[in-house]
Every structure is written in C-alpha cells, then in structure tokens.
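The values are calculated or read from the model by the stated rules, or taken from the named source; none is laboratory data. Note that this is a predicted model, so its numbers are computed, not measured. Virtual Cβ from ideal backbone geometry, glycine too; neighbours counted across all protein chains shown. Calculation scope for accessible area: heavy atoms of the full protein, side chains included, ligands and nucleic acids excluded. Shrake-Rupley method; radii C 1.70, N 1.55, O 1.52, S 1.80 Å.
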Amino acid sequence: MRQGIHISRPLKILTDDELYQLHVASVRTLEKTGYMIEHMNVLEKLENMGSEVDYRTKIAKIPEQLVMEMLGKVPTKITFCGRKKDNDIALERGHSFATSTGASVYVVSPDGKYREGTTKDVERFARLANALDNIDLTNGMIESQEIPHELRDIYTASTMLNNTEKHYNYVTHGSEGARAIIRMAAAIVGDEDRLRERPIVSGAAPPSPPFYYDKTALDIFLEWVKHGLPVRIGSLPISGATAPVTLAGTIVENNVDCLASIVISQVVNPGTPVLMGGLCANLDMRTGTLAQASPEQALMAVCVIQLAHYYGLPVFVFTGMTNAKIPDGQMGYEKVVSTLLPLLAGPNVHFAAGNLSSAIATAYEQLVIDNEILGMLRRIAEGIEINQVTLAIDVMEKVGPRGHFLEQKHTLEHFKKEHWIPLISERRSVDGWRADGAKDIVRRAEEYVQEILSAHQPEPLSEEIKKEIDHVVKDAERKIRCKR
Amino acid sequence: MDEKDIFANLTESCLNFDPEAARKYAKEAIEAGVDPIEAIEKGLAPGIRRLGEKFENGEVFLPELIMGGVAMQDAMKILESKIPQGKERKILGRVLLGTVRGDIHDIGKNIVASLLKANGFEVHDVGVDVPTEVFVQKVRELEPDVVGLSALLTTTLPAQKEVVAALEQAGLRKRVKVIVGGAAASRDWCVEAGADGYAGDAVGATKLAKEVLGK
C-alpha cells in the first residue's frame, strides 16, 4: 500500500447550509433544465426510471428522487491498484494521493523550446513518474504525435502500461481505446474479473458543459461503467463561458454534470465505482483563453471536494495547474496557489505533476520540480502532531539554557518525520551555490532527470503479457482501420 | 434630434455595451429619415471600432466587448431592413466559421465570431462537428473571403487539413483564405495543414483575418 498523506481535519470554506444550497440548486437544475444525452438506450432507461424525456431534443429531466436513489448505489470506498500491492492506494476519507498530468501534446525542453511528444517520450515520462516518490498514480502525461491520431490513445496506453507499476487513469479518445486499455490491463492482472478486484486502470470521459453528454464521450464512459471499473466524473466548466460567471454557478454546473453522470452510471450498472471530480476554471476576460491556474480554480476545487464529502463519495480533482509556458516564477506561484488550498480540503486524488501551459505541454524537469513542490505542500497538509513526545519537555530539560539539540537522540529519531527534506531545492550558502555552477532550479532538475532515467527501470512485464498487449493493440488497430 | 446626434448616440450605445439604447436609436434614426447605411457607417461602425481598440488596450473586457457587439447587431438588424434595394453596405470581409468534424467544442469559435463581428466582418457560423463536405458546400454558396476552422482536440486537428484538401479538390482553395485555431493547433500545424494562417487566441484571430485580406 502507498501511504500518501492523511489529512485529519479537512479545510472547509463552505458551511453545511451552503453545501445544501448548492445541492438543491443542482437537483433543481437537473429536474427543470435537464441534461442532453446523445444515447437512445440511456434515455430510455432514464425514462423508465421516472425521468421526463424528450426524444427530439434528447433532453432528460431527471427527478431528485432518482438522483438520491442512484447516489445511494455508489460505493463509498475505492482502491486503485498498482501492478503489485505496494502501489495500491486506498481512496478513503482523509487519505490523499497525487497524480501526474493529463495528455499533453508538447514537451518543453530546458531551453524553453516546444516540440511534439514522441513514443520515446511516453516511455521516458512513464519511467520518470514511476520513480518519483510523491507521485502515487499516473495519468495520460504525454501522447505520441508520431502515431496516427485514430490510434494514438491505444499506443500511448500500451507504452504506459509497459513502463509503469503505478495505477493508470486515462481518458481515451474513443470507446475502442477504452476497450483496448481494459483488455491490456486484464492481460496484466489475469482476466476481467480479477481486474474488477484489482483495477490497475481507471477511466474518465468528461461531458461538455453546460449539461451535454456527446456520443463519443458517453460511449467511452459507458465502456468503463459496463465493465464495472472505476471512472472519474465531473467536467471542465469555464466560468463566464460554459458556466455562469459566478463561482457558485460554476460549481453548480459541475455538480449537475457529476449528478447526471452518477445517475447514468448507476442506472446502467448499479454499484459501478465512481469518483466525483471536475476542474472548474475561468475564462480570461482579457484574452478569451482558459485561466486554469486562477485563484478561483483553487476555491472551486475546495467546493467540489466538500460536495463529494457531503455525498460521501471519493473525489479526484486536478490541482498543480499553471498557465506559465516554461518552468518560471509564474509557474512556481501558480502551482502553489492551485494546489495548497484544495489539498488542505482532503481530496483522495489531486495534482497534475508535469503540467505546463494549461496541460497542453509538459517537461521532464517540471515533473521533478512538481515532485518537490508536492513534498513541501504535503508536509503542510499533514499538520503538526501534539503529544508528550513531540512537546519534548524532557529533552528541553536535559539540554537546558544555552545548550543545543543536534546531539540529542530525540532529534535523530524525529527529524525525518518532522521536517520535510528537499530533493533539489537550493538551500546552500551563496558560495556553495556558486562553487557548484550557480545552477537554477531547471538545471538542477535536469541533472536529477538524467540520474533517474539512466538508472530506473520498472519491473518489466513477462514476455507472455507483452505479447498479449501487442495482440490487443493490433486487434484494436484492425477494428479501427476496418471502420474507416 | 439631428443626424449628428443620432450618429453619436449609436456610437455611444456600442461603447456603453447597451443593446436597448442601440435599438432605440436605430428606430429613431429610421423615424428621422436618416440614411440607414450612413447610420451604420457613421454611427455604429466607429463605436464598435473604438470598443475593439479599447479591448486591445485592456481598458474593456471580453463580456463588455461581446455585449457591445450585441448592441451593434441589434441596431444593425433594424437599420438593414430599411436599406433600399440595390444599395449595399460595405463590409470588411465575409467569414465562414465552424468547428471541424468530430469536435463538438464551440466556445472558442463563438468568442472569435463575436470579435470578428465587432470588427466589422460579416460572420457565418456553421456550428460544430461540421462535416468537410459542408464547409465546401458553404464556401460555394456564401462565397466567403475567409474560412476559419476551429478544433480543440488533437484528435480532430487532422479534419482541418481535410477541409483544406477538399477545398483544393473542389477548385475553391484560391478563392478563400483559410485560417486555423483552437487549443491543439499551432504555427507548425498551420503549415502542415496547408492553411494561410494560425492564431493562438481570439484577438489574434481578428488581426489574422484582417492580415490575410491585406486590410
């Protein structure tokens, strides 16, 4: 089991009454405005269970009663598994784990140049994330632009699964991709039943706000649901554009997406493990671009986490956002603002290690820098332990006035737990820093990346499993080519 | 109220992002017998142009600019209905806009459409998930000066290239300038897709539309 961190007293910025108001606004909207769902079978199922369905507009008006009933069917605990038990993460209340970033297009090199990701990058990013201690699970990270777009998700997934021992959450581009990744994962753990017991992969397929589930996304979503495998829900509403400009309105929009997805999942396959989520951000009113690393994003993420706790569900939110294009000063402060507040609220899964430029890009050095930022923030979230041992009255009495504590056994015993110890941050004297080449954080991260990539190799899959994964890839490729 | 006051009021209603006032002064212009083309060109156009400048300088924000655009269009509808037959209003250019096949994202395209309209372009928005054939058909039908192709997803980018190729095949490519945008597009991609220009945001797209038309 991976330990992650435990947040014993989660931060709350909304009162219970305010949470109730958000909930009421969400169920009213789902009941009055309704949700557009491009899927005949799902619409029929919803109608049979008491929703008012207009087949012409494809809008289902879902009553509160059905929402509450379906909420009751969602498992309250999920364990995301790794290939081996020591990489399992139990998503229980107060336990928090960190993920790497979603599918980027570009890799930023240390000199700030953007280049398209390659298959080699997928493999190297997977290995690097596998080695970094504070990263508990992986996401899409980078997609190989060398692979034709219709096969890109399938090849990315096979390379990732070959090179990570950690849990892998991935948004495939289509349902064929979802089927392929499920088959690959089943080959690794044994079969599909075993995969439900030990889900080493999980999915997501966000709807398009406001209130719309398009066919492609819904087909992916249903693939995970039908297999009874964990799936992350919530969307990416943009406050002021695809959601109301008010933060409360944006949170409601995302919550409606979550509730609609919960209803769909439980109507289709009751008991499907679902993680609440969402990435609420805002429109930059100067440029019309997406401001993913805004202070509002941090506030809204806390609210999504609080709502998940209100419903008693596990929660997965993206933090660690930045709009900075390179690992610069803006990157540093945006990442901390984007992460610290939501982390204190106790998300089960959060972060997006490696994220640059609103997740369009990533960088090896950024992944290592983010591992460092996470270390600091996790230390804050863990808080201060107060008891007879930590109060250290005996030790102080022993040392007395004008003494020092470095020679004490108490120091030796507790320093690693009490203090966070940096990996690459510069804390030496100015002279020491100069003598070592006056390197900035990107240079130091670059050296660390080289060190890991030259040494760290995840345990390889057996030849038999590798062959089976290749077979799944080729099979999916054939099906996709036939369709076209 | 004389003509000059009516023009000034129309200008002001754009600058104040006030559709209600814009409609009111458009009606007054018609009642006062003002030439509708003059009311557009001397009243609305300067207002929306100045609003666009203010936006670029950071004095005005996107929701204000967009509401200013709504004010202009509302007034324009009233005025255009009174333009005598045979007379035509000058436009900066006609733009056909759409999100390519397989991609249902429209917010970026909508922002670009608003900005283009605010800058005096005539915009025909053909929506999202637009099949390549529809782009070709609409180019034939509407004879736009510029075709703007949007795509958010990396997986749907190739459809932009398809549209360029289809226009080529239909013998229409030389008649239009094709510009591409969306989160996944880039300058390199623009070259690969055989388009005439790329912009990374809505302001850039408006500048680009003017640039490719040499305005």
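Within the range A:434-442, identify whether any single residue is closer than 30 Å to A:Lys120 by Cβ, open to solvent by less than 40 Å² (accessible area, probe 1.4 Å) and out of contact with any Phe, Trp or Tyr (no Cβ under 9 Å at 6 or more places or on another chain), and answer yes or no.
Within the range A:434-442, one or more residues are closer than 30 Å to A:Lys120 by Cβ, open to solvent by less than 40 Å² (accessible area, probe 1.4 Å) and out of contact with any Phe, Trp or Tyr (no Cβ under 9 Å at 6 or more places or on another chain).
Report, by residue number, each residue of the range A:165-211 that is among the hydroxyl-bearing types (Ser, Thr, Tyr), part of a loop (DSSP other than H, G, I, E, B) and surrounded by 24 or more Cβ atoms within 10 Å (Cβ to Cβ).
Once the filter is applied, which keeps residues that are among the hydroxyl-bearing types (Ser, Thr, Tyr), part of a loop (DSSP other than H, G, I, E, B) and surrounded by 24 or more Cβ atoms within 10 Å (Cβ to Cβ), the range A:165-211 yields only A:Thr172.
Going by the structure shown, is A:Glu143 within 14 Å of chain B (Cβ to nearest Cβ), under 17 Å from the mean Cα position of the chain (by Cα) and within 26 Å of A:Arg127 (Cβ to Cβ)?
Spelling it out, A:Glu143 is indeed within 14 Å of chain B (Cβ to nearest Cβ), under 17 Å from the mean Cα position of the chain (by Cα) and within 26 Å of A:Arg127 (Cβ to Cβ).
Residues being surrounded by 19 or more Cβ atoms within 10 Å (Cβ to Cβ) and under 30 Å from A:Ser239 (Cβ atoms): count how many of those fall in the range B:20-64.
Number satisfying all stated conditions: 8.
Can you pull out every residue in the range A:59-75 that is open to solvent by 80 Å² or more (accessible area, probe 1.4 Å) and of a type in the set (Asp, Glu)? First the steps, then the outcome.
Taking the range A:59-75 and keeping what is open to solvent by 80 Å² or more (accessible area, probe 1.4 Å), we get A:65, A:68-69, A:73.
A:Glu69, the sole residue that qualifies.
Please specify each residue of the range A:219-241 satisfying the condition of being open to solvent by 10 Å² or more (accessible area, probe 1.4 Å), hydrophobic (A, V, I, L, M, F, W, C) and not in a loop (DSSP other than H, G, I, E, B).
A:Ile238
For A:Ile238, indicate whether it is within 14 Å of chain B (Cβ to nearest Cβ) and among the β-branched types (Val, Ile, Thr).
yes
Could you tell me which residue of the range B:22-59 is modelled with the highest pLDDT, considering only residues that are out of contact with any helix residue (DSSP H, G or I) (no Cβ under 8 Å at 6 or more places or on another chain) and small (Gly, Ala, Ser)?
Ranking the qualifying residues of the range B:22-59, first place goes to B:Gly33.
Looking only at the range B:98-120, filter to residues that are open to solvent by 10 Å² or more (accessible area, probe 1.4 Å) and not in a helix (DSSP H, G or I); which one of those is farthest from the other protein chains (Cβ to nearest Cβ)?
Per the criteria, the residue is B:Gly120.
Out of (1) in contact with a His (Cβ under 8 Å, 6 or more places away or on another chain); (2) under 30 Å from A:Ile238 (Cα atoms); (3) aliphatic (A, V, I, L, M), the odd one out for A:Val395 is which?
A:Val395 satisfies every listed condition except (2).
I need a count of the residues in the range A:277-315 that are polar (S, T, N, Q), closer than 15 Å to A:Ala248 by Cβ and in contact (Cβ under 8 Å) with a residue 60 or more places away in the chain.
1
In this structure, is B:Lys90 assigned to a helix (DSSP H, G or I) and open to solvent by 30 Å² or more (accessible area, probe 1.4 Å)?
no
Matching residues to (1) touching a helix residue (DSSP H, G or I) at 6+ places or on another chain (Cβ under 9 Å); (2) over 25 Å from A:Arg152 (Cβ atoms):
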{"residue": "A:Ser454", "(1), (2)": "no, yes"}
{"residue": "A:Pro460", "(1), (2)": "yes, no"}
{"residue": "A:Glu463", "(1), (2)": "no, yes"}
{"residue": "A:Lys474", "(1), (2)": "no, no"}
{"residue": "A:Lys479", "(1), (2)": "yes, no"}
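Out of the residues in the range A:4-58 that are part of a loop (DSSP other than H, G, I, E, B) and open to solvent by 90 Å² or more (accessible area, probe 1.4 Å), which is nearest to A:Asn87 (Cα to Cα)?
Going through the qualifying residues, I end up with A:Arg9.
Do the conditions hold for A:Ala180, that is, is it of a type in the set (A, V, I, L, M, F, W, C), free of Cβ contacts under 8 Å to residues at least 40 places away in the same chain and over 24 Å from A:Ala98 (Cβ atoms)?
no
Count, please, the residues in the range A:76-123 that happen to be open to solvent by less than 40 Å² (accessible area, probe 1.4 Å) and either within 14 Å of chain B (Cβ to nearest Cβ) or not in a strand (DSSP E or B) (or both).
Restricting attention to the range A:76-123, the residues satisfying the condition of being open to solvent by less than 40 Å² (accessible area, probe 1.4 Å) are A:78, A:80-82, A:87-91, A:94, A:96-102, A:104-109, A:112, A:117-118, A:121-123.
Next, only the ones that are either within 14 Å of chain B (Cβ to nearest Cβ) or not in a strand (DSSP E or B) (or both) stay: A:81-82, A:87-88, A:94, A:101-102, A:104-109, A:112, A:117-118, A:121-123.
The number of residues fulfilling the criteria is 19.
If a residue has to be assigned to a loop (DSSP other than H, G, I, E, B) and touching a residue at least 60 places away in the same chain (Cβ under 8 Å) to count, how many in the range A:417-442 make the cut?
Quick first cut of the range A:417-442, residues assigned to a loop (DSSP other than H, G, I, E, B) only: A:419-429, A:436-440.
Subsequent filtering for residues that are touching a residue at least 60 places away in the same chain (Cβ under 8 Å) retains none.
So the answer is 0.
Which residues, taken from the range B:167-209, are open to solvent by 20 Å² or more (accessible area, probe 1.4 Å) and farther than 30 Å from B:Phe61 by Cβ?
Those that are open to solvent by 20 Å² or more (accessible area, probe 1.4 Å) and farther than 30 Å from B:Phe61 by Cβ: B:Glu168, B:Gln169, B:Ala170, B:Gly171, B:Arg173, B:Lys174, B:Arg175, B:Asp188, B:Val191, B:Glu192, B:Gly194.
Return yes when A:Arg402 is surrounded by 14 or more Cβ atoms within 10 Å (Cβ to Cβ) and either within 22 Å of A:Ile5 (Cα to Cα) or of a type outside the set (Val, Ile, Thr) (or both) and no when it is not.
Answer is no for this residue.
Which helices (runs of 4 or more DSSP H) does the range A:242-346 wholly contain that include 3 or more residues that are among the polar types (S, T, N, Q), over 17 Å from A:Arg232 (Cβ atoms) and away from every other protein chain (no Cβ under 14 Å)?
A:329-344
Please enumerate the residues belonging to the range A:82-128 that are touching a Gly at 6+ places or on another chain (Cβ under 7 Å) and acidic (Asp, Glu).
Matches in the range A:82-128: A:Asp88 only.
Within the range A:209-234, how many residues are more than 13 Å from B:Ile104 (Cβ to Cβ) and in contact with a Pro (Cβ under 6 Å, 6 or more places away or on another chain)?
Counting residues in the range A:209-234 that are more than 13 Å from B:Ile104 (Cβ to Cβ) and in contact with a Pro (Cβ under 6 Å, 6 or more places away or on another chain) gives 2.
If you check B:Ala170 against the conditions, is it hydrophobic (A, V, I, L, M, F, W, C) and within 22 Å of A:Pro237 (Cα to Cα)?
Spelling it out, it is not the case that B:Ala170 is hydrophobic (A, V, I, L, M, F, W, C) and within 22 Å of A:Pro237 (Cα to Cα).
Can you go through A:His414, A:His410 and tell me which one is more than 29 Å from A:Gly112 (Cβ to Cβ) and without any contact (Cβ under 8 Å) to a residue 24 or more places away in the chain?
Numbers: A:His414 fails: without any contact (Cβ under 8 Å) to a residue 24 or more places away in the chain.
None of the other options fit; the residue is A:His410.
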